[in-house]
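Report on the following structure.
Just so it is clear, none of the values below were taken in a lab; they were calculated from the coordinates. As the structure is a computational prediction, the values presented were derived from the model and not from experiment. As a convention, Cβ positions derive from the backbone with ideal geometry for all residues, glycine included, and neighbour counts pool all protein chains shown.
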Amino acid sequence: MHIELRHLRYFIAVAEELHFGRAAQRLNISQPPLSQQIQMLEKQINARLLARSNRRVELTAAGEQFLLDSRQILASVNRAAEKAARLHAGTHGELRIGFTSSSPFIIQVSDALSSFRYRYPDVHLQMQELNTRQQLEPLSDGRLDLGVMRNTELSDSLTWRLLMREPLCALFHRDHPRARAGKISVRELANEPFVFFDPHVGTALYSETLALMQRYQVSLSITQEVGEAMTIMGLVAAGLGVSILPASFRRVSPPEVVWTALNEADALSEVWLVWSRQREPAAALLHMIAMLTGDQ
């Protein structure tokens with residue numbers, strides 16, 4: 001059986017007009033080929049669809065059912081074509097994004113997500129909070145389309161673009177003597193009880209901060225190791241030590257914590273956009289990257 005979509009369109013026109021001449025005009029073809037195509041269609045499906053006489057054309061019971069099914073088939077094909085077109089244009093589908101805990105507090109990121117949702121309401125954003133290390137495998141195997149993370153070593157299967165560099169700040173309890181300083185050096189943190197990430201958690205901030213300290217030959221006295229930045233801020237707020245975090249976390253900081261700028265010009269944390277090098281990026285992904293980087 002070989003039925004083409006044009007056969008369904010021909011039959012629907014005849015079934016709706018119940019007149020071969022008017023149906024031929026509607027389809028912009030001549031009547032004899034139209035009659036031949038309908039006859040071939042009936043032969044293909046081994047059913048009489050139209051009852052013909054010199055005066056009128058009527059649908060048979062099989063024809064009535066075939067008309068209903070034909071309309072549904074064409075509607076389904078049209079929906080599939082429209083969906084494919086929207087996917088190609090990046091206005092439909094799903095975008096799976098991994099993000100570190102600080103990402104929503106970066107104004108550049110939160111504004112881009114809000115703008116994307118407004119401009120592309122039919123693209124479902126599936127957001128998953130993961131630290132930098134946890135995002136790498138899902139990005140490589142296709143479970144994530146985009147990662148917002150701190151700078152880290154990437155495999156050859158991934159590519160990246162710098163989103164921003166944000167300052168690292170020292171955190172003190174408001175009663176700490178250095179909390180009143182407008183700016184300090186990282187060397188002034190050498191003898192302080194330091195609250196920081198557990199090295200096994202996998203956050204890139206751990207490596208970034210230690211690298212900063214090594215550049216200035218500062219040895220930290222880490223007395224508390226935790227898994228989340230919010231916990232770090234909570235322990236500083238409780239007076240259990242000092243810390244260093246990116247400035248974006250300041251938006252959710254407890255009132256007991258004072259954020260102090262660092263003198264060192266390279267006291268910065270890079271935020272990256274990371275995606276697969278091995279798969280062609282979908283249009284929706286390119287739209288999101290453009291919004292995040294200000295190119296759209």
Checklist line | Residue (of Ile232, Ala204, Leu189) at the positive-pole extreme of the range 163-269, dipole from beta-carbon charges | finding: Leu189
Item checked: Asp111-Thr91 pseudo-label distance in nm [points 7 Å out on the Cα-to-Cβ vector] -> 2.6
Next item on the list: Can you put Met233, Met149 in order of Cβ neighbours within 10 angstrom, beginning with the fewest?
Entry: Met233, Met149
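Largest first and in whole Å, what are the equivalent-ellipsoid semi-axes of the range 5-89 based on the Cα gyration tensor, each being the root of 5 times an eigenvalue?
Values: eigenvalues 139, 43, 23 Å².
Computed over the range 5-89, the values are 26, 15, 11 Å.
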Note to self: Charges at C-beta only: +1 for Lys and Arg, -1 for Asp and Glu. How large is the resulting dipole of the range 95-167 about its Cα centre, in Debye rounded to 20?
What the structure shows: 180
Next item on the list: Would you pull out the residues with amide H under 5 Å of His124's amide H, same chain only if 5 or more places away, H placed 1.01 Å from N?
Entry: Gly93, Glu94, Leu95
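Starting with the fewest neighbours, write out Leu285, Leu210, Leu139 ranked by other beta-carbon atoms found within 10 Å of each beta-carbon.
On the way: Leu285 22, Leu210 16, Leu139 26.
The most exposed by this proxy come first: Leu210, Leu285, Leu139.
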Notebook entry, point to check: Taking θ as phi - 60°, what are the ³J(HN,Hα) couplings along the range 26-42 by the Karplus curve (6.51, -1.76, 1.60), each to the nearest whole Hz, with x for Gly and Pro?
Noted result: 4, 8, 6, 10, 7, 6, x, x, 5, 4, 5, 5, 5, 4, 5, 4, 4
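Taking only Cα atoms of the chain, what ratio of Rg to Rh do you get with Rh as the Kirkwood inverse-distance radius? Numbers along the way, then the final one.
Values: Rg = 32.0 Å, Rh = 24.0 Å.
Rg/Rh for the chain comes to 1.34.
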Notebook entry, point to check: For Ile222, Ile97, what ranking results if the residue with the fewest other Cβ atoms within 10 Å of its Cβ goes first?
Noted result: Ile222, Ile97
Next item on the list: Quote to one decimal, in nm, the extra length available between Ile3 and Ala51 on full extension: 0.36 nm per residue of separation minus the C-alpha distance between them.
Entry: 15.2 nm
Notebook entry, point to check: Rounded, prolate or oblate: which fits the range 163-269, taking a ≥ b ≥ c as square roots of the Cα gyration tensor eigenvalues, rounded meaning a/c under 1.5, else prolate when a/b beats b/c?
Noted result: rounded
